[in-house]
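A short worksheet on the structure shown next.
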Amino acid sequence: MLVGKKAPEFTANAVVNGVIENGFSLSRYRGSKYVLFFFYPKDFTFVCPTELIGFQNALAEFEARDTAVVGCSTDSEFCHWAWANTPREQGGIQGVTYPLVADINKEVAEKFDVLAGEVCQNASGSCCYVGERVAYRGLFLIDKEGIVRHMVVNDMPLGRSVEEALRMVDALQHFEQYGEVCPLGWHKGQEAMQPTHEGVSGYLSR
């Protein structure tokens, strides 16, 4: 559980707007932007491009909220590059401009605790794996101070909602601006709630 904690640090290669970039880190956004950091299982698959293209289609809305969108999978930067430069009608995601982190060593997925599969030992004592070592569909909303404020993890067949991700950004920013908490199904422009119980106020201000 990472909510309320500093997002794990990492440095990795990434593809940004179709170009390979070395030494990418989320720390570049610290103090200036919120970050929506999401994992997906694999490039060149079925559910994944619907999500990546969906986030791209809504990128202007995230940017209007000072929120950077960053994707990550356990594919290499070269696989990311090939996918990002393949036309959509051929199964690619051409036109996706936000960063795609290459987690080929699976270290980032492990740090965020979204790596599927388990490490075991076989009869000879050698290391082996049960299940495929790729990322679940984890999504993390990180504030400007680098604190994880929201997370959700889906199993691989279950696609996420871009609209819900935007709603959570709005809810966090509303709370930060007005100190009001956001009830079930709250959307930007609706009435929120002012916490009055001293204990609740003290908890929310921490």
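The values are calculated or read from the model by the stated rules, or taken from the named source; none is laboratory data. Quick caveat: nothing in here was measured; it's all calculated off a predicted structure. Note that each Cβ is placed from the backbone with ideal geometry, even for glycine, and that neighbours are counted across all protein chains shown.
A few notes on this one:
- Residue match in segment 149-167 (condition: closer than 23 Å to Phe78 by Cβ and at pLDDT below 95): yes
- Top-ranked residue in segment 141-163 [being of a type in the set (Asp, Glu) and closer than 18 Å to Glu63 by Cβ; ranked as surrounded by the fewest Cβ atoms within 10 Å (Cβ to Cβ)]: Glu163
- Segment 21-53, residues that are touching a Cys at 6+ places or on another chain (Cβ under 6 Å) and free of Cβ contacts under 8 Å to residues at least 40 places away in the same chain: none
- Number of positions in segment 3-36 that are part of a loop (DSSP other than H, G, I, E, B) and among the basic types (Lys, Arg): 3
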